[in-house]
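> Here's a structure for you.
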Number of protein chains: 2
Amino acid sequence: MYICIKLISMNSFTEENYLKAIYKLLEKESVVTTNAIAEKMNTKAASVTDMLKKLADKKFINYQKYQGVSLTAKGEKIALNIIRKHRLWEMFLVEKLNFKWDEVHDVAEQLEHIDSDKLIAQIDHFLNFPKFDPHGDPIPDANGKFHIQKSQLLSELKKNSACIMTGVVDHSPAFLQYLDQAAIGLGDEIKIKDIVSFDKSLQISVNKKNSLFISNEVAKNILVIIK
Amino acid sequence: MYICIKLISMNSFTEENYLKAIYKLLEKESVVTTNAIAEKMNTKAASVTDMLKKLADKKFINYQKYQGVSLTAKGEKIALNIIRKHRLWEMFLVEKLNFKWDEVHDVAEQLEHIDSDKLIAQIDHFLNFPKFDPHGDPIPDANGKFHIQKSQLLSELKKNSACIMTGVVDHSPAFLQYLDQAAIGLGDEIKIKDIVSFDKSLQISVNKKNSLFISNEVAKNILVIIK
DNA sequence: ATAAAAATTTAGACTAGTCTAAAAAATAAT
DNA sequence: ATTATTTTTTAGACTAGTCTAAATTTTTAT
């Protein structure tokens, strides 16, 4: 007769952060190097090598000396779960606790490591199962799957098209603050009233009300899905 | 010309947990021993001694070999802040995320270490500045002060008195589940309709509606403030 | 194809926190 | 008042994660 206690090897915060960093680097480059990880983690290459060995031992990554790394299915699942938690917490902070877009990141970095399936399921429910975080990045489901309607740049749309804002390309505080001032936010309905041929700037309406001009440069940094 | 960055020595989770444990032991006993701390922290006396030296170096505790410990003002402030965060998170979990009284503790143990003044201020606000957590324990304010109207046992009140439930003495799941079944909860208005002379059991009404009998034993474990 | 440069890994050391086993101090018992 | 017992501390070792400096491998340039 055995008693089964919750052992389910709790991963350390550090391991989780490495896996997340590797996942994000893999989104941009097909091969992830030790130096790239070191830079992302604000640490030294030697420390990264040590950790890579440990993660490989645990079968979270595929690693051979000098050859870079990739995630195993197991490792990717953990990374996606951290990303899911991070984005749900960001959404919670903005939607329920009056945080600004540009204030949430550091706190979410801490909250993403809280270990409770029930907690994150309830937060998801409380937020009414959002598909995007406050920066427009997609939120994976509990199984690590994305349900994405592909976004495109506002600058690519034709005159008179209507769309919903889902995110931004430039995440800098400067840009996010500009959007706040212009009262353009996630989930807003944007309609292109006119495209100025001179400089490709757009005349748009937001939520069928306030009409304004935005530069092409701005439009290139706003992600939308067509309505 | 100096630049001042946020250094404000971030305390480790472990240090915070030791200070919290010491605070709680000081509530019951005037002198706190190494062994008592070891038991509370699920660790060994030798480990405690090591940590006590470190905490004393940082001026969080008063410590002399073999003589037990007490908290300095600095240490108490940190402990109270952790307790404040723990209790506010518990309240949040119960009030907003449908957690049961007896499910919140482990998650709150993690959340209490999240480091963000704005976050906890907003949670406090979101909960409408509660004075007690779901177990009826008082929540200190941001300065570590309690604003307590002294609670007393329901069993001590006279016939026809009305009161508000603020807490319990027995925190066991068995008792909390009984209260759930009986639909007696924090903040409920309890009126004593009758006291049975035979066994001192009480006939009460809860929130002016459901009337029921509770044993004297139960009444001895319910904390209330007189209305 | 081979030398130079860059990237990566190893070796060895450090801190935080923990442990066991042994020594020292305090308390209790005769 | 002098043992015996209990409590506490020290000594030394271990793990996770980090670092610097040196060695090794890969890549780039000639």
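The values are calculated or read from the model by the stated rules, or taken from the named source; none is laboratory data. Computed from a predicted model, the values in this text were never measured in an experiment. Here the Cβ is made from the backbone with ideal geometry for all residues, glycine too, and neighbour counts use every protein chain on show. These accessible areas exclude ligands, DNA and RNA; they are computed on the full protein's heavy atoms, side chains included. Shrake-Rupley method; radii C 1.70, N 1.55, O 1.52, S 1.80 Å.
> From the alpha carbon gyration tensor of segment B:2-119, can you work out the equivalent ellipsoid semi-axes (sqrt of 5 times each eigenvalue) and give them in Å, largest to smallest?
Values for segment B:2-119, descending: 26, 20, 11 Å.
> Let me ask you something else. Pairing the Cα long axis of helix A:45-57 with the longest principal axis of chain A, what angle in degrees results, from 0 to 90 and rounded to the nearest 10?
Tilt of helix A:45-57: around 70 degrees.
> Please report, as a whole percent, how much of the solvent-accessible surface of segment A:1-106 comes from carbon and sulfur atoms (probe radius 1.4 Å).
On the way: 3420 of 6670 Å².
Reported share for carbon and sulfur atoms: 51 percent.
> Then there is this: What accessible area per residue, rounded to a whole number of Å², is obtained for chain B using a probe radius of 1.4 Å? Please report the intermediate quantities before stating the final value.
On the way: 12860 Å² over 227 residues.
Result: 57 Å² per residue.
> At q = 0.08 Å⁻¹, what is the log10 ratio I(q)/I(0) for the protein assembly as shown, with the Debye formula run over Cα points and no solvent?
Rounded to two decimals, the profile gives -0.66.
> Using a 1.4 Å probe and counting only protein heavy atoms, how much accessible surface gets buried when B and A come together, both sides summed, in Å² to the nearest 100?
Values: alone 13710 and 13700 Å², together 25700 Å².
Counting both chains, the buried surface is close to 1700 Å².
> When the helices in chain B are scored as -39500 (n - 2.57) per DSSP H run of 4 or longer and the sum is shared across all residues, what 222 nm value do you end up with, to the nearest 500 deg cm²/dmol?
Details: 8 runs with 92 residues, N = 227.
Calculated mean residue ellipticity at 222 nm is -12500 deg cm²/dmol.
> For B:K220, go through the aspartates and glutamates and keep the ones whose alpha-carbon is under 18 Å away, minus same-chain ones fewer than eight residues off.
B:D137, B:E156, B:D170, B:D180, B:D188, B:E189, B:D194, B:D199
> How about segment A:114-137: which of its residues lose at least 20 Å² of accessible area in the presence of all protein chains relative to their chain isolated, using a 1.4 Å probe?
The answer is A:I114, A:D115, A:S116, A:K118, A:L119, A:Q122, A:F126.
> At A:D194, label 7 Å along Cα→Cβ: distances to the other copies, nm, ascending?
Between copies, matching label points for A:D194 lie 8.3 nm apart.
> Let me ask something else. Using only the Cα atoms of segment B:124-207, construct the convex hull and provide its projected area averaged over every direction, in square nanometres to one decimal.
Working: hull surface 26.4 nm².
Averaged projected area of segment B:124-207's Cα convex hull equals 6.6 nm².
> Using Cα-only point scatterers and the Debye equation, what is log10 of I(q)/I(0) for segment A:13-71 at each q in 0.24, 0.26 Å⁻¹, rounded to two decimals?
One equal scatterer on each Cα of segment A:13-71 leads to -0.95, -1.15.
> Give the long-range amide H neighbours of B:D133: residues separated by 5 or more places, or on another chain, with amide H under 5 Å away, using H modelled in the peptide plane at 1.01 Å from N.
Under 5 Å from the amide H of B:D133 lie the amide H atoms of B:I139, each far enough along the sequence or on another chain.
> Lys/Arg Cβ at +1, Asp/Glu Cβ at -1, dipole of chain A taken about the Cα centre: which of A:F213, A:I184, A:P138 is farthest positive-ward?
A:P138
> What residues qualify as long-range amide H neighbours of A:G167, i.e. H under 5 Å apart, gap of 5 or more or another chain, H built at 1.01 Å from N?
A:L223
> Regarding segment B:73-215, what's the average projected area of the Cα-atom convex hull, expressed in nm²?
Values: hull surface 38.2 nm².
It is 9.6 nm².
> Rounded to the nearest 10 degrees, what's the angle between the helix A:173-182 long axis and the longest principal axis of chain A, both from Cα atoms, 0 to 90?
40
> To continue, here is another question. Using a label position 7 Å from Cα in the Cα→Cβ direction, what is the ascending list of nm distances from B:K96 to the same site in the other copies?
0.4
> Shifting gears a bit: For helix A:73-97, what angle does its Cα long axis make with the longest principal axis of chain A, in degrees from 0 to 90 and rounded to 10?
50
> Taking B:K44 in one copy and the same position in all the others, each labelled 7 Å out along Cα→Cβ, what are the pairwise distances from the first, in nm, shortest first?
3.2
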